[in-house]
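What follows is a single structure, written as structure tokens, with notes after it.
The values are calculated or read from the model by the stated rules, or taken from the named source; none is laboratory data. All values reported here derive from a predicted model rather than from experimental measurement. Note that we place each Cβ from the backbone using ideal geometry, even for glycine, and neighbour counts take in every protein chain shown. Accessible surface areas use protein heavy atoms only, side chains included; no ligands, DNA or RNA. Shrake-Rupley method; radii C 1.70, N 1.55, O 1.52, S 1.80 Å.
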Amino acid sequence: MKFKKPRGTQDLLGKYMKKWRSVEERVTGVLQRYGYREIRTPIFEMSGLFVRTVGESSDIVTKEMYTFNDKKGRKLTLRPENTAPVMRAYLENGLQRQGGISRFYYMGPMFRYDRPQAGRYRQFHQIGAEAIGLSNPAIDAEIIKLSLDIYKEFGFSSLQVRLNSVGCMKCRGEYMILLREKLAEYKSELCDDCLHRAEINPFRVFDCKTCISVKKKLPIITDYLCGECSEHFEELCVSLEGMSVNYLLDPLLVRGLDYYTKTAYEIIHPELGAQNALCGGGRYDGLASELGGASIPAVGFSAGMERLMQILPDELEGKEVDRPDIYFIVFDDKCSIQAMILADKLRSADFVVYIDFSMRNIKKQLKSASVREYDYVVFIGQKEIEDKEVTLKNMKSGNQVTVSFEKLVSYFSEKGVTGIE
Ligand code: HAM
């Protein structure tokens, strides 16, 4: 092989891809039930969009962006996240004129040049939601509850939310002066990255995975929240308690993106190891004006698709996944039309049917069905056509039965993958 996939990327295929689709469908079902509508923005954007919003001193911008010049010399970046693009699209399409809250959801690939490891990729996928247009903490509570409901859909009903408020520019004024002073005091204990962060944007020191002991000695933003921010935070906590959301206040959680104001949160899965954040989000009231729009409050989250897939069992329960995929083995050319007629009926009833027209020997066709992970094989030859019945083989149990043409659809409709004959 001369070419391999780029480091940190994955080929999604076979049963894993089927599970992936089913997960996407169920997650988008949850999002749609909350009134969120899909938005698709370009995979690449002008680099400045991310530099301005995610932040010049953030790890994403300084180390992780895939940036290139197009043939006209325009500087473009493969999106490392999708909150700034959604806000750009919202402003560019004049959606603020609709008034009220605009609720969007999206899914798709994101790109970050980070060191690949379990649960961390260079191309990964997010499903996210953004609610634009309201400053009331009720919408922060909705976003947090919605993100929890995604995991609840798959049976995770006791995940914990790590919650903080990172305040607004007003609260940060006095706090930043103090933070700089403290960082100067602990200068000798800081890593090279943090020495730089302390100069440019001291808040980003909290992103560091190595300077943990220093972080614990630093002043925390929640002690310096202005009246409006602390009231917002208190109301959010009351709403979460009202909905019995299990949350833990984490004053060191600032999240690695500069646009956050007030609410910041993450949902952690204890068994995921170092990359244990399933999902993260928060409020970003300054982002619209940073892009040249009016001041528009907004809040959202993104969930990592690969990490969700990781915590789910291989075999999901549910209608779509339980439906068997069917492989037709055709004995000779004369049987093709009958195979297509039967397949047509099954497809009309929403079954996946793969017809093997290769006319290879049965052993080879069976092997092909097995490597492609089909659940049932249906044999179609001259004799079957004469008798108007087919032989089915359940690939998991190896059991075979004969079913009339007429009853084929109802047979599969009643069975499901696990219905072993
Ligand atoms: P983020 O915390 O950078 O936030 O990413 C959100 C989620 O994406 C993470 O919790 C994780 O599950 C997944 N993720 C991030 N990086 C990787 C990676 N390299 N490999 C695999 N999964 C990854 C954002 O992106 C914000 N836009 C979230 C947001 C939306 N805030 C407000 N609205």
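Within the group V321, V378, which residue is modelled with pLDDT under 95 and either β-branched (V, I, T) or open to solvent by less than 80 Å² (accessible area, probe 1.4 Å) (or both)?
V321
Could you count how many residues in segment 115-130 are more than 8 Å from the ligand (Cβ to nearest atom) and small (G, A, S)?
Matching residues across segment 115-130 total 1.
Hey, which of the helices (runs of 4 or more DSSP H) in segment 324-393, taking only ones fully inside, have at least 2 residues that are in the same structural domain as E406 (by TED's automatic domain parsing) and in contact with a helix residue (DSSP H, G or I) (Cβ under 8 Å, 6 or more places away or on another chain)?
On the way: elements: 336-348, 362-371, 382-387.
Ranges flagged: 336-348, 382-387.
Among the residues of segment 229-245, how many are touching a Pro at 6+ places or on another chain (Cβ under 6 Å) and aliphatic (A, V, I, L, M)?
Adding up the residues that qualify gives 1.
Taking only segment 169-201 into account, find how many residues are touching a residue at least 60 places away in the same chain (Cβ under 8 Å) and either open to solvent by less than 30 Å² (accessible area, probe 1.4 Å) or among the polar types (S, T, N, Q) (or both).
Looking only at that region, the number is 2.
So G256 passes all but one of these: (1) under 19 Å from the mean Cα position of the chain (by Cα); (2) buried (at least 21 other Cβ atoms within 10 Å of the Cβ). Which condition number does it fail?
Result: G256 passes all but (2).
So R79 passes all but one of these: (1) in contact (Cβ under 8 Å) with a residue 60 or more places away in the chain; (2) within 10 Å of the ligand (Cβ to nearest atom). Which condition number does it fail?
With respect to (1) in contact (Cβ under 8 Å) with a residue 60 or more places away in the chain; (2) within 10 Å of the ligand (Cβ to nearest atom), R79 is out only on (1).
Yes/no per residue for (1) in contact with a helix residue (DSSP H, G or I) (Cβ under 7 Å, 6 or more places away or on another chain); (2) open to solvent by 30 Å² or more (accessible area, probe 1.4 Å); (3) in a helix (DSSP H, G or I):
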position: R21; (1), (2), (3): no, yes, yes
position: T41; (1), (2), (3): yes, no, no
position: R52; (1), (2), (3): yes, yes, yes
position: E81; (1), (2), (3): yes, no, no
position: A84; (1), (2), (3): yes, no, yes
position: F104; (1), (2), (3): yes, no, no
